[in-house]
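For reference, the structure discussed in these notes is given below.
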Amino acid sequence: MKTDFKRNGKIWQRYLPVLFLFALMLSFTSCYTDYGLTAADYDVVVTQYDKNTDFGAFKTFTMIDSVFHITGDTTESDSDLLTRKYDKLILSTIRENMIKYGYTEIKNPTDQNKPDVVITVQALGTQVDQYYSGGWYPWYGWYPWWGGYPGYYPGYYPPYMGKSTYYVGTLFIDYFDVAASLSNPDNAYVIPWYATINGLLESGQSETRLTGTIDQAFEQSPYLKVK
Amino acid sequence: MKIKYLIIALMFLSVNIFAQNFLGVLSYNTALPMGTTGDYISDFSWKGFSFEGRSFTNRNWSFGGTFGWNIFDQKITDLIEIDEGDKGTTVKGTQLRYVNSFPIMATGHYYMGKRKDSFRPFFGLGIGTYYIIQRFDIGVFRREVSNWHFGLAPEAGILLALSRTTSLMFSVKYNYAFSAGVAVDGSTDNSQSYLGFNIGLAFAGY
């Protein structure tokens, strides 16, 4: 190796590869970039509509004035994972969007005064348990779950197993075609539009996230507008 | 018998290394996603590297192998529109899209000029496999697929001598992984391709 050194002459050339390798390693701390997501980034709004429905023909609507909790148990009307705190906000935001799109609300429908559309809202809470098998090193991404002290030699510990639990809420907004449902020979309800909103529960900014995602559901469904 | 062949093979390899017929290349790789890869992720990739060994059979030809890693990722907030017959579906959410590609290839290169030239253009071809992991995150949902693809990688580049044993290498490599399995979006066309722009250091072995 001595001969090499003499031949090369310059010391920096000996260190260049090492520096190069080091720079490379620094740039690849993870194969999946963490974009620093906020709770709102985990919100998803899905809407679906039936292309054969003439939404422009609907003019009036009635809302069922409470949010149904899907509990999996018919005797339970309230889900353990969901709060009733935001029910009013959810319903009023949907109502505002319907009115903004040109619909007229019928508060007390009768047989003589039927709405064109009935809106129902259902909510589901889900608990998700996620298990991590940590590596030998308290890597950047693992650090919050790692049990040991940062000062200890990390390789000394056996791989760490961790569990994290999060709660997911799903809101279902269904838009029933009343006339089609009543005349349907199959006796089944006809839902030409629905929205499903999914996001993390109790992660902050619940009010703005709820109103924002409900607004988004209508915004991405411009065909709902009354002509 | 097998051990005998192994020893003979190792002897040849050592002879090559000590006869300065060996080139070790460490490169930093950037890449422009193309084809279906580009449809999925359009952002240029600044994350990638590769290790390569090249053994010269004569002054102009080398054969060897390479292992690399290219990372493509993008955050997208655009609407997804899905048309299925009578149903129209729209999805809004923050999407995180990732492609991790690991090429493992046998390579052959042809070099112009003489060994001691300070500027040597070369052309090469890699044949082997790409192990490709595609990941799609939206909201709390994740879909991930991984496949082994057969692949080809033609390459053109230059070696610039820094010293007797060290050279700078610049190359452009077209990476093409033939379709294998199903893509992360469910499509049966799962060919993946990208154009790599590589800068590396090549060390001649004594």
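The values are calculated or read from the model by the stated rules, or taken from the named source; none is laboratory data. Model, not experiment: these values are computed from the prediction. Cβ atoms come from the backbone with ideal geometry, glycine included; neighbour counts cover every protein chain shown. To get the accessible areas, we keep the full protein, side chains included, count just its heavy atoms, and leave off ligands, DNA and RNA. Shrake-Rupley method; radii C 1.70, N 1.55, O 1.52, S 1.80 Å.
Summary table
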{"quantity": "Residue match in region B:183-198 (condition: within 14 Å of another protein chain (Cβ to nearest Cβ) and assigned to a strand (DSSP E or B))", "calculated": "yes"}
{"quantity": "Out of B:L160, B:L168, sole residue that is touching a residue at least 40 places away in the same chain (Cβ under 8 Å), of a type outside the set (S, T, Y) and farther than 20 Å from B:S45 by Cα", "calculated": "B:L160"}
{"quantity": "Flag for B:T166 being among the β-branched types (V, I, T), out of contact with any Lys or Arg (no Cβ under 7 Å at 6 or more places or on another chain) and within 12 Å of another protein chain (Cβ to nearest Cβ)", "calculated": "yes"}
{"quantity": "Output for region B:168-180, where each listed residue is open to solvent by 20 Å² or more (accessible area, probe 1.4 Å) and of a type in the set (S, T, N, Q)", "calculated": "B:S179"}
{"quantity": "Matching residues in region A:69-87 - criterion: being more than 23 Å from A:G204 (Cβ to Cβ) and more than 19 Å from the chain's Cα centre (by Cα)", "calculated": "A:T71, A:G72, A:D73, A:T74, A:T75, A:E76, A:S77"}
{"quantity": "Of all residues in region A:88-109 being without any contact (Cβ under 8 Å) to a residue 60 or more places away in the chain and open to solvent by 70 Å² or more (accessible area, probe 1.4 Å), the one that is farthest from the chain's Cα centre (by Cα)", "calculated": "A:N108"}
{"quantity": "Residues that are surrounded by 10 or more Cβ atoms within 10 Å (Cβ to Cβ) and either more than 12 Å from A:S221 (Cα to Cα) or more than 9 Å from chain A (Cβ to nearest Cβ) (or both), drawn from region B:82-91", "calculated": "B:I82, B:D86, B:K87"}
{"quantity": "Any chance A:D116 is touching a Lys or Arg at 6+ places or on another chain (Cβ under 9 Å) and crowded, with 18+ Cβ neighbours inside 10 Å", "calculated": "yes"}
{"quantity": "Residue within region B:108-116 that is more than 14 Å from chain A (Cβ to nearest Cβ), open to solvent by 60 Å² or more (accessible area, probe 1.4 Å), under 18 Å from B:F49 (Cα atoms) and modelled with pLDDT of 95 or more present", "calculated": "no"}
{"quantity": "So B:R97, is it within 14 Å of chain A (Cβ to nearest Cβ) and in contact (Cβ under 8 Å) with a residue 40 or more places away in the chain", "calculated": "yes"}
{"quantity": "Residue match in region A:74-87 (condition: under 20 Å from A:A179 (Cα atoms), modelled with pLDDT of 85 or more and not hydrophobic (A, V, I, L, M, F, W, C))", "calculated": "no"}
